[in-house]
Amino acid sequence: EVTATSRHYVDRLFDPDPQKVLQGVIDMKNAVIGNNKQKANLIVLGAVPRLLYLLQQSSSSLQLRTECAVVLGSLAMGTENNIKSLVDCHIIPTLLQGLLCPDLVFSEACLRCLRTVFISPVTPVQLLYTDPTVIPHLMSLLSNSQRTQEYITQIFSHCCKTPEHQTVLFNHGAIQNIAPLLISPSYKVRMQALKCFSVLAYENTQVSMTLVNVLVDGEQLTQVFVKMMQRDQPVEMQLTAAKCLTYMCRAGAIRTDDGCIVLKTLPCLVRMCSKEHLLEERVEGAETLAYLMEPDVELQRIASTTDHLVAMLADYFKYPSSVSAIADIKRLDHDLKHAHELRQAAFKLYASLGSNDEDIRKKITETENMMDRIVSGLSESSIKVRLAAVRCLHSLSRSVQQLRTSFHDHAVWKPLMKLLQNAPDEVLVMASSTLCNLLLEFSPSKEPILESGVIELLCSLTQSDSPALRVNGIWALMNMAFQADQKVKVEIVRCLGTEQLFRLLSDPDTNVLMKTLGLLRNLLSTRPTLCILANIADGNTAKELIMTNDDMLQKIKYYMGHSNVKLQLAATFCVSNLIWNEEDGSQDRQDKLREMGFVDVLHKLTQSGDPNLSDRAKTALQQYLA
């Protein structure tokens, strides 16, 4: 219920005497500090439009306009609903307009309120960019005071969410204007400036390449970042500086073997993963480290031997332990709610560590209960944990050794198959990639997966709008068809259907094409054993289906003359299998392909500059001579 006192505060804003209005605003300010109920009441009673009106009036005294900005800033400190109400009343354009006033105290109050509104997750950041004069004006205000610097850089770092935002800020001189703030006497200013650089450099080559050459007071920017990572600096600063260097490295501006990465950034991030840090520091440290070394096997090797990292990450799963040293009950409650973020971060880092090196993968799978943890991660309620767990599994599935041992021992394929039912696309891509590896011929999981009715599922993936899913679906079928018995091949062809096969042969994505030709090759190659010859009589073999489909044959012929040698090779393989002599009906197939001009194409290919291709073509032609 809205109390009478709240109503009284709002009524005073409409008093004809300016002095009484000012006193009313000051009283309101004192009443709302730290009182969320009072804030909500005043908003419901319509205080916001009136405060904004008074703030805009040139007839209002500067003191009144400033006090209005302060009260609005206080209302913004309340709940997300408060912020929504303020934004709906057009507080942002009004305050931005207020920044044109030269008075420092007033513009600081406007900026403080803008900062509070913009850092809320419910505020659309796009509102900062609607008026193109705003960013250059904010840049020009940076030199006014330390508070101005703190608020403006905080607004920038929160509102830079897309490559377009990065470009706008870059083009308006963000780097030159913000760099000097890294050596400001104020810690808050230094920290916000550093955050700005981390969001500007993320996946941005243009920004990163520029940063490498920036000097701050005669010192290279990278060295300034390195100093900020020293152990005597606050953890937040160490972490953000490490992120800046990580992003510059990933964007190609710093080499992965540069001392500032190998000797400073990587050890700093590993240090962040240790027990004594707060949950969010451990999460951010692990995720940043995973990103830093993702493409570089040398960094993966160095990290895996730094500070027992692989074992240290195992602690991420035991958190918070029953005898946790967290005395603060609020902290414990917070951490219990966020413990899944630790598991996600650990899976991501394990995935990155194990993406190339066999010894590291072995080390990971031998960490206590690791496979069980991944298996339970695959069915957690948090989608982020499921995605990270499947990324980790995918990374480990690149190992022949692991596929033959731990993957088999833990029946990993079962939860993986479950995950493939109605998952979002990003999970599907990772899960189906992993499945491709589990279907390789030497993987003991191949048999049980086949029996679980996976063919339908994979065929449906080949119809996805996402090229990555089409590739994975067809790739898994290709692996499945390799040296498979006739029953499996017939089932694949029946389920996929010749029409869909043909559609895939006209796919705009080259990878899909390659894998489809690979699938055809595997469907058409027969092990020369009698049992298969017995099965051919059913007339529904892959060969028959291809031979009676002229469109498909024309497609294969077209790829034999393609500019991509890999496609030519795959297509020539298919033809080879169709005309192989020792098999029933080969004579008819040879005749038909000769009539369609295949022999001429093969003759041409024997002259190819690619030795594999010319050999394959010669082998095929010999079938006609035999």
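Residue-by-condition table, conditions (1) open to solvent by 30 Å² or more (accessible area, probe 1.4 Å); (2) modelled with pLDDT under 95; (3) charged (D, E, K, R); (4) under 34 Å from the mean Cα position of the chain (by Cα):
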| residue | (1), (2), (3), (4) |
| --- | --- |
| 63 | yes, no, no, no |
| 73 | no, no, no, no |
| 79 | yes, yes, no, yes |
| 82 | no, yes, no, yes |
| 110 | no, no, no, no |
| 115 | yes, no, yes, yes |
| 118 | no, no, no, yes |
Exercise for the section: Could you identify the single residue in 182, 169, 194, 200 that is open to solvent by less than 10 Å² (accessible area, probe 1.4 Å), over 28 Å from the mean Cα position of the chain (by Cα) and among the aliphatic types (A, V, I, L, M)? Expected result: 182
Practice task
Filter the range 34-58 for residues that are more than 20 Å from residue 106 (Cβ to Cβ), outside any helix (DSSP H, G or I) and open to solvent by 50 Å² or more (accessible area, probe 1.4 Å) and give the result.
Solution key: 34, 35
Exercise for the section: Tally the residues that are over 23 Å from residue 482 (Cβ atoms) and touching a residue at least 40 places away in the same chain (Cβ under 8 Å), restricting the search to the range 605-626. Expected result: 5
Exercise for the section: For the range 432-444, state whether one or more residues are over 22 Å from residue 365 (Cβ atoms), among the aliphatic types (A, V, I, L, M) and either in a helix (DSSP H, G or I) or under 29 Å from the mean Cα position of the chain (by Cα) (or both). Expected result: no
Practice task
Return yes or no: is residue 92 surrounded by 15 or more Cβ atoms within 10 Å (Cβ to Cβ), β-branched (Val, Ile, Thr), closer than 30 Å to residue 45 by Cα and over 28 Å from the mean Cα position of the chain (by Cα)?
Solution key: yes
Practice task
Would you mind stating whether residue 278 is closer than 25 Å to residue 385 by Cα and surrounded by fewer than 16 Cβ atoms within 10 Å (Cβ to Cβ)?
Solution key: yes
Practice task
Determine the pairs where a residue that is open to solvent by 10 Å² or more (accessible area, probe 1.4 Å), located within the range 229-245, has a partner that is acidic (Asp, Glu) with Cβ atoms under 6 Å apart, the partner being 6 or more residues away or on another chain.
Solution key: 235/281
Exercise for the section: Please report, ordered by residue number, the helices (runs of 4 or more DSSP H) entirely within the range 452-499 with at least 3 residues that are surrounded by fewer than 19 Cβ atoms within 10 Å (Cβ to Cβ). Expected result: 454-461, 486-496
Handout entry: the range 1-33, residues that are surrounded by fewer than 17 Cβ atoms within 10 Å (Cβ to Cβ) and of a type in the set (Ser, Thr, Tyr)
Key = 3, 5
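For (1) at negative phi; (2) loosely packed, with under 15 Cβ neighbours inside 10 Å; (3) aromatic (Phe, Trp, Tyr), each residue gets a yes or a no:
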site: 282; (1), (2), (3): yes, no, no
site: 292; (1), (2), (3): yes, no, no
site: 296; (1), (2), (3): yes, no, no
site: 302; (1), (2), (3): yes, no, no
site: 307; (1), (2), (3): no, yes, no
site: 319; (1), (2), (3): yes, no, yes
site: 333; (1), (2), (3): yes, yes, no
site: 349; (1), (2), (3): yes, no, no
Exercise for the section: Of the numbered conditions (1) touching a helix residue (DSSP H, G or I) at 6+ places or on another chain (Cβ under 7 Å); (2) more than 17 Å from residue 225 (Cα to Cα), residue 289 fails exactly one; give the number of that condition. Expected result: (2)
Practice task
Considering only the range 313-333, state which residues are at pLDDT 80 or above, touching a helix residue (DSSP H, G or I) at 6+ places or on another chain (Cβ under 8 Å) and of a type outside the set (Phe, Trp, Tyr).
Solution key: 313, 314
Completion exercise
Expected output for the range 337-362 (first residue in contact (Cβ under 8 Å) with a residue 40 or more places away in the chain and under 18 Å from residue 250 (Cα atoms), partner open to solvent by 60 Å² or more (accessible area, probe 1.4 Å) and assigned to a helix (DSSP H, G or I), Cβ below 9 Å, 6+ apart or cross-chain) is 348/391; 351/391; 352/391; 353/363; 356/301
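To keep it simple, each residue is scored yes or no on (1) farther than 17 Å from residue 525 by Cβ; (2) in contact with a Lys or Arg (Cβ under 6 Å, 6 or more places away or on another chain); (3) at pLDDT 90 or above.
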position	(1), (2), (3)
562	yes, no, no
566	yes, no, no
571	no, no, no
581	no, no, no
585	no, no, no
595	yes, no, yes
603	yes, no, yes
609	yes, no, yes
614	yes, no, yes
Exercise for the section: Inspect all residues belonging to the range 422-443 and state whether any of them is open to solvent by 30 Å² or more (accessible area, probe 1.4 Å), in contact with a Ser or Thr (Cβ under 7 Å, 6 or more places away or on another chain), of a type in the set (Asp, Glu) and under 23 Å from residue 345 (Cα atoms). Expected result: yes
Problem - Condition check for residue 367: in a loop (DSSP other than H, G, I, E, B) and under 23 Å from residue 264 (Cβ atoms) - result: no
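The values are calculated or read from the model by the stated rules, or taken from the named source; none is laboratory data. Just so it is clear, the model here is predicted, and its values are computed rather than measured. In this analysis, Cβ positions are derived from the backbone assuming ideal geometry, glycine residues included, and neighbour counts consider all displayed protein chains. Keep in mind that these areas ignore ligands, DNA and RNA; they rest on the heavy atoms of the full protein, side chains included. Shrake-Rupley method; radii C 1.70, N 1.55, O 1.52, S 1.80 Å.
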